[in-house]
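> Dumping the structure here so I can ask a few things about it.
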Amino acid sequence: MTPLHLLHAVHLLTAAHLVRSEQYGRSSHVYDGECFDFIVVGGGTAGCVLANRLTEDERTTVLVVEAGGDPPYESMFPGLFPTMAGSRVDKNYTSEKDERAQQCHRNRVANLTSGHMLGGSSGLNYMLYVRGAPPDYERWAAAAADPAWAWPQVLPYFIKSERLMDPGLLNSPYKIYHGTHGYMGVAREHRREIHKFLEAFRELGHEVLMDVNGDRHLGFTNPLFNIAEGVRQSAAYSFLAPIVHRKNLYILKDTLVTEVIFDENNNAVGVKVKTQDGAILCLVARKEVILSAGAFRSPQLLMLAGIGPREHLADLKIPVRSNLPVGLNYQDHVAVFMSIKMDKSNASSAPPNKHLFPLPAFVGYVALDKRQAYPDYQVVNFVVPHDSEVPFNLCAFGYWYDYDICHNLRNGGKGRNTLFSTLNILHPRSRGRVTLRSRNPEDPPAIHTGMFSDERDLDDLARYLEDHARIVNTTYFKSVGAMIVDLKLSMCGGMRVGSGQYWRCHARCMMNTMYHYAGTCALGSVTDSRMRVRGVRRLRVVDASVMPTLPGANTHAPVLMIAEKAADFIKEEHRLCYKK
């Protein structure tokens, strides 16, 4: 090792130590029976926002209880995100087997990656910053029977959390749709390799937009990422690290909440927790308990407390406190990939830069009916240099497809640059369910994804694949002899690659999750329009589980908005101070 490399290694180790020991503070020492104004269950995306906003009032004490620990050093770097899934900071949930889904996956289940650390899934996701379109939130407003969830009322909360750091957008008319003083740094993809591809999609009749988060939502674009100054802007890094010095903030790490405690009047009055060393503590909430544990864990804690479907609770002999459709309405964006081999190349590739997203990327939002104001599908495109191992590694170790499929993917693009496209249904009709596996809070819940339970989703996804595949007929793609990589799917044998029949089979075989879990404590059915749990008091849910329907977007930015909005609801109801 050269002296320069040795110095660099020492710097990395020192930085790693500083991240672990200082950036997120030490776990608080609390005693059995200790009281706080608010207890936030889960230090993920929403929990970090709530911790920040509620402690703005110095008179208010907030305890955040997180089952994981600090984010690891590698989570800070955008280029290292492929290493995160399946690691110690992933809860490693898997779905229940069924006969519709994951039929070309080695384990025949969905690997439901979910962050197990401060910042939650914002510490290991793909970092895309997308909000969705106004019709998404009109649906939320209708479900909640409250116009507070319509687009004009949610847009200010997107803006509030954002710190846009892209000079092009800041000097454009789109600036009015963005924030510049929020905690969450956001910047655009700028690598030049994507420009020729954007022009090819323009040739197909799609608009090329500077921004899909403004007043127009259909087209192809350089995406915005939760990346700023080469660092992943996780919720822990953005919202929690800057305020860990606040004396009214308490954080319990590596501590599992096992029970929400109620009094005889159905008031949530605290939680029972199990610490890393096995100690059991009961902690008191003077004002509220707030569940921000995600679309799997929040409904699990509700059902364990007797809040859920009467029949399911009766099966487990859990007394019913409030008969609500908890765990139902589970939704996810179902995705499938396509690989297109492009021009031949043997050029040497630049070494990977951990401060950048691993590959140049661009994103499209497409409606088959051009009169529609919102997209039917999203397609995330990665520009892959020849003989890159990234697609194979994602295929084999990220998505767990059968090895022969992943080898066919690699061999089909050998010696060629490729375009790796992941398409997903933005408004699925299928619904799944999250249920209790047992009364043991340490058992993971049973997750029935319900993917393709409504066959129209399969038909739609096949049409979207066929629509996207038209790109091979554009001028640039024809000039490089572009072809769809034949994955030689055994279950699709005898079908012509590119036919409607083939795409339907391809979609069923290659379907996967986008990791956008939502809907299990939905507004209007489980929670009211202010996210308070129906039938009980002093208990609120603030995370993706309250989404009544999925937005036409990656869910990270909408969860930030939900938490920002919840913080203002809570401040208003408890007459807390607002930050000026």
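> Note down the magnitude of the dipole of the chain about its Cα centre, charges +1 on Lys and Arg C-beta and -1 on Asp and Glu C-beta and zero elsewhere, to the nearest 20 debye.
The calculation lands at about 180 debye.
> For Lys370, Lys160, Lys571, write out the residues from largest to smallest accessible area, computed with a 1.4 angstrom probe and no ligands counted.
Ranked from most to least accessible, the order is Lys370, Lys160, Lys571.
> Report, in degrees rounded to the nearest 10, the 0 to 90 angle that the Cα long axis of helix 455-468 makes with the longest principal axis of the chain.
50 degrees
> Here's a follow-up. Give the dimensionless ratio obtained when the Cα radius of gyration of the stretch 480-555 is divided by 2.2 N^0.38 Å.
Against the compact-globule rule of thumb, the ratio is 1.82.
> Using only the Cα atoms of the stretch 433-580, what semi-axes does the equivalent ellipsoid have when each is the square root of 5 times a gyration tensor eigenvalue? Give whole Å, largest first.
Semi-axes, largest first: 43, 22, 12 Å.
> Ok, one more. Of Ala279, Ala314, Leu209, whose Cα points farthest to the positive end of the dipole of the stretch 205-331 (charges on the beta-carbon: +1 Lys, Arg; -1 Asp, Glu; origin at the Cα centre)?
Going by the Cα projections, it comes out as Ala279.
> Just checking the chain: which Cys have no other cysteine's beta-carbon under 4.7 Å?
By the Cβ distance rule, which asks for a partner under 4.7 Å, the isolated cysteines are Cys35, Cys48, Cys282, Cys521, Cys577.
> Report the percentage of all Cα-Cα pairs in the chain whose separation exceeds 40 Å, rounded to a whole percent.
In whole percent, the long-distance tail amounts to 23.
> For the chain, find the longest principal axis of its Cα atoms and tell me its angle to the long axis of helix 294-304, 0 to 90°, nearest 10.
The angle comes out at about 40 degrees.
> Provide the net charge surrounding Val334, with neighbours chosen by a C-beta distance below 14 Å and charges set as Lys +1, Arg +1, Asp -1, Glu -1.
-1
> A further question follows. Taking R0 as 35 Å, what's the FRET efficiency between His355 and Gln276 from their Cβ-Cβ distance, rounded to 0.05?
In this case the efficiency is close to 0.60.
> Probe radius 1.4 Å, ligands and nucleic acids left out: which of His427, His407 has the largest accessible area, and how do the rest follow?
His407, His427
> Then there's this: With every protein chain left in place and a probe of 1.4 Å, what is the accessible surface of His190, to the nearest 10 Å²?
100 Å²
> Within straight cross-link reach of Lys478, meaning Cα distance under 22 Å, which lysines are found once same-chain residues fewer than 8 apart are removed?
Cα-Cα hits under 22 Å: Lys196, Lys341, Lys344, Lys414.
> State the extension gain, in nm to one decimal, for the chain segment bounded by Glu96 and Ile176, taking 0.36 nm per residue of separation less the distance between their alpha-carbons.
24.3 nm
> Shifting gears a bit: Using only Cα atoms and rounding to the nearest 10 degrees, what angle (0 to 90) does helix 556-574 make with the longest principal axis of the chain?
Computed tilt is about 20 degrees.
> Shifting gears a bit: What is the sum of charges around Gly493, taking Lys and Arg as +1, Asp and Glu as -1, for the other residues whose C-beta is under 15 Å from the C-beta of Gly493?
+1
> Separate question: Which residues make up the longest stretch of the chain that has no chymotrypsin sites (Phe, Trp or Tyr not before Pro) in a DSSP loop with at most 12 other Cβ atoms within 10 Å?
Longest gap between qualifying sites, sites excluded: 32-577.
> Leaving out ligands, DNA and RNA, and with a 1.4 Å probe, what % of the accessible surface on the chain is carbon or sulfur?
53 percent
> Which of the lysines could a cross-linker span from Lys253 if the Cα-Cα distance has to be under 19 Å and same-chain partners fewer than 8 positions apart are dropped?
Lys91, Lys272, Lys274
> Next question. Could you give the size of the charge dipole of the stretch 298-359 about its Cα centre, using +1 on the Cβ of each K and R and -1 on the Cβ of each D and E, expressed in debye and rounded to the nearest 20?
140 debye
> Related question: For Cα pairs less than 8 Å apart in space and 6+ apart in sequence, what is the mean separation divided by the residue count of the stretch 76-210, i.e. the relative contact order in percent?
Result for the stretch 76-210 is 14 percent.
> Ordering Glu572, Glu264 by how much accessible area each has at a 1.4 Å probe, largest first, what is the list?
Order by accessible area, largest first: Glu264, Glu572.
The values are calculated or read from the model by the stated rules, or taken from the named source; none is laboratory data. For clarity, every value in this text was computed on a predicted model and none was experimentally measured. So basically every Cβ, Gly included, is an ideal-geometry build from the backbone, and we count neighbours across all protein chains shown. In case anyone asks, the SASA skips ligands and DNA or RNA and just uses the protein heavy atoms, side chains included. Shrake-Rupley method; radii C 1.70, N 1.55, O 1.52, S 1.80 Å.
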